[in-house]
Amino acid sequence: MKSTNTGSIKMSILLSILLALSGMAVMALADQPDPAPSNKFSGNVTLNGADAFTGVVIDAYIDGDHRGTITVESSGKYGDFDGLEYLDVIGNASDDGKTITFTVCGAAADQSATWYEYPEPAAIVLDLTAVDDEAPAVTNATATPSSIVADGAETTQLNVTVDGCGVGNVTVNLSAIGGDDAQKMTRIGDTDVYTVTTNATEGTALGAYCLPVNASDVFGNYNDTSICIELNITTSGEDTHTISLDAGWNMVSIPVIPADASVNAIFGDNIITPVYEYNAGYMEVTSLEPTKGYWVLADSPADIEIAGTVPSDLEVTIVPGWNMIGPVSSNVQVSSFTGIITPVYGYSAGYNEVTTLEQTEGYWVLTSTETTLIV
């Protein structure tokens, strides 16, 4: 009899625990916010009269505000991929009855829909069609370095950013410096940056060159604007720059290798020493080198002329955490970097986010893994 009572007590305790746990689960669920209401869409999608190819992005908007996106994963179809995925258009009570507009690869779709606060439980079938007649946009045309010697050996890396749907060929005309008139540029990973490395043949005339870039898409659209990469052909690797100091702290760098790289030779009496670099902590330095960033303190504004040889090595290795770097070339685009955590910060009487790195300036770059950047 004692054994039976003990078993009953244990069972009672177990049931109490289970009931308590179930009650806690119900309370936890009750504390969860209701998901934002959405209207679901799926259907066929065509672009320029043909099935939209995989990778095409469809976006939805209400009053110009972005409310949903989906990527085509099966040619000519969006949403309902294996019955699991739809284009969810998020809204709220104030959106009830408003018009939803769509874009296909950035081109306005011919169709629209109405957003309802209490939609049908099933996805709405809406076939989308759009025409993309916009040429890819080419921006951020840079040469790194921006000056080379015409010896057939010294090289420069040419970069452009190309934004568009279904980008096809991106080429640069190198005939002025002895290369192909339609040299293909290749895409850097999953970025929008296209690149090629080139040199200038012996005998190329000295001076500044504008190397035209052309980009086309799979629909036959091509840019016909005057986009070019500026490149200087010099007699030697010598170059001169001006470091502009403000009163107070400055983040600076040197884009050349001077004959004397000592702090005193570069800055003289224009600064208050010491100068600092950063390597998991601040460290005093007595000389400067390209690709690094430095803290320099000036008691009054000053312009420092610095001349030297343009480095042939444009790589800088950054390590996990914050790194201070300096570009060797002009207009180095943050978008060309891989393996970093954006934003990148410059300094001018305070920190500011930047998308372009300029010569003689210093910058903070954050990464979670060791990586190499071309500057």
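Structure notes:
- When the range 67-102 is filtered for residues that are touching a residue at least 12 places away in the same chain (Cβ under 8 Å) and acidic (D, E), the ones remaining, listed by number, are E73, D80, E85, D88, D95, D96.
- Enumerated strands (runs of 3 or more DSSP E) restricted to the range 285-356, each holding at least 3 residues that are open to solvent by 60 Å² or more (accessible area, probe 1.4 Å) and not polar (S, T, N, Q): 341-347
- Test: residue in the range 330-347 that is closer than 28 Å to E238 by Cα and over 19 Å from the mean Cα position of the chain (by Cα): yes
- Residues that are small (G, A, S) and open to solvent by 20 Å² or more (accessible area, probe 1.4 Å) number at least 1 in the following strands (runs of 3 or more DSSP E) confined to the range 101-208: 107-114, 137-144, 167-172.
- Qualifying residue in the range 302-309 (condition: among the acidic types (D, E) and farther than 30 Å from V149 by Cβ): no
- None of D239, D269, D224 is acidic (D, E), farther than 30 Å from L47 by Cα and outside any strand (DSSP E or B) except D269.
- In the range 251-262 there is at least one residue that is open to solvent by 40 Å² or more (accessible area, probe 1.4 Å), part of a strand (DSSP E or B) and free of Cβ contacts under 8 Å to residues at least 60 places away in the same chain.
The values are calculated or read from the model by the stated rules, or taken from the named source; none is laboratory data. Every value quoted in this text rests on a predicted model; they were computed, and no experiment measured them. Note: ideal-geometry Cβ built from the backbone for every residue, glycine included; neighbour counts use all protein chains shown. These area figures cover heavy atoms from the full protein model, side chains too; ligands, DNA and RNA do not enter into them. Shrake-Rupley method; radii C 1.70, N 1.55, O 1.52, S 1.80 Å.
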